[in-house]
1. Does residue 65 satisfy the condition of being away from the ligand (no atom under 13 Å from the Cβ), touching a residue at least 60 places away in the same chain (Cβ under 8 Å) and either part of a loop (DSSP other than H, G, I, E, B) or loosely packed, with under 14 Cβ neighbours inside 10 Å (or both)?
2. So residue 1 fits all but one of (1) modelled with pLDDT under 95; (2) touching a strand residue (DSSP E or B) at 6+ places or on another chain (Cβ under 8 Å); what number is the exception?
3. Looking for something modelled with pLDDT of 95 or more, part of a loop (DSSP other than H, G, I, E, B), under 21 Å from residue 14 (Cβ atoms) and in contact with a helix residue (DSSP H, G or I) (Cβ under 9 Å, 6 or more places away or on another chain) - is there at least one such residue anywhere in region 38-51?
4. Hey, can you tell me all the residues within region 37-59 that are under 27 Å from residue 74 (Cβ atoms) and surrounded by fewer than 17 Cβ atoms within 10 Å (Cβ to Cβ)?
5. Within the group 70, 85, which residue is more than 13 Å from the ligand (Cβ to nearest atom) and either within 15 Å of the chain's Cα centre (by Cα) or at pLDDT below 95 (or both)?
6. Restricting to region 104-148, what's the tally of residues that are touching a helix residue (DSSP H, G or I) at 6+ places or on another chain (Cβ under 9 Å) and closer than 27 Å to residue 80 by Cα?
7. Does region 17-36 include one or more residues that are part of a loop (DSSP other than H, G, I, E, B), more than 13 Å from the ligand (Cβ to nearest atom) and either crowded, with 22+ Cβ neighbours inside 10 Å or more than 16 Å from the chain's Cα centre (by Cα) (or both)?
Ligand SMILES: C[S@@+](CC[C@H](N)C(=O)[O-])C[C@H]1O[C@@H](n2cnc3c(N)ncnc32)[C@H](O)[C@@H]1O
């Protein structure tokens, strides 16, 4: 899986990962099995997803039992690990209202350790980069289902990230016109 190859490139050999919007749990199962130095905490907004995540990941000792997390709750549940080395959020930002992006970034800034990284994956719109026809169709379809949904303009996501001290460290073009983005938290000792 191409995402796995990028995670291996980006992440240190071990750490604690907080996954946002795990969905069925298939990503947690795949990455948990391959990134054996990582403990993986899956979460999802939908309580109905949690049994599916448990079923996918039940055999993996390094994948923790799933927790419910709605990124819009403030504060985030105290059951979550307080400080994590990385966060992973795939295919969520375009399929939730914009407020979820605005909530994800401060959440990540709170949870990430110094030098930690938030990885987001999915389709985006970018100024100066022609949008693939498939992504335009996907965007129109999402907006027809819910006007609050839709592909996000990367520059607007970046504004939310920068406001809480996260900067775009890496942009990787992925198959099917997706991007894998790594948002870094400045190390405490690198802040003036
Ligand atoms: C398209 S699925 C992506 C699932 C998985 N990450 C993947 O790539 O297959 C979007 C997920 O976002 C979750 N979600 C929706 N609103 C959310 C919120 N407010 N906070 C956290 N997750 C949310 C949904 O429950 C759903 O599992």
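The values are calculated or read from the model by the stated rules, or taken from the named source; none is laboratory data. Only a predicted model underlies this, so the values are computations on that prediction, with no experimental measurement involved. With ideal geometry, Cβ positions are generated from the backbone for all residues, glycine too; neighbour counts draw on all protein chains shown.
1. no
2. That leaves (2) as the condition not met.
3. Looking for residues that are modelled with pLDDT of 95 or more, part of a loop (DSSP other than H, G, I, E, B), under 21 Å from residue 14 (Cβ atoms) and in contact with a helix residue (DSSP H, G or I) (Cβ under 9 Å, 6 or more places away or on another chain), one finds at least one in region 38-51, hence yes.
4. 46, 47, 48, 51, 54
5. Sole residue among the options that is more than 13 Å from the ligand (Cβ to nearest atom) and either within 15 Å of the chain's Cα centre (by Cα) or at pLDDT below 95 (or both): 85.
6. Qualifying residue count for the region: 14.
7. Scanning region 17-36 turns up at least one residue that is part of a loop (DSSP other than H, G, I, E, B), more than 13 Å from the ligand (Cβ to nearest atom) and either crowded, with 22+ Cβ neighbours inside 10 Å or more than 16 Å from the chain's Cα centre (by Cα) (or both).
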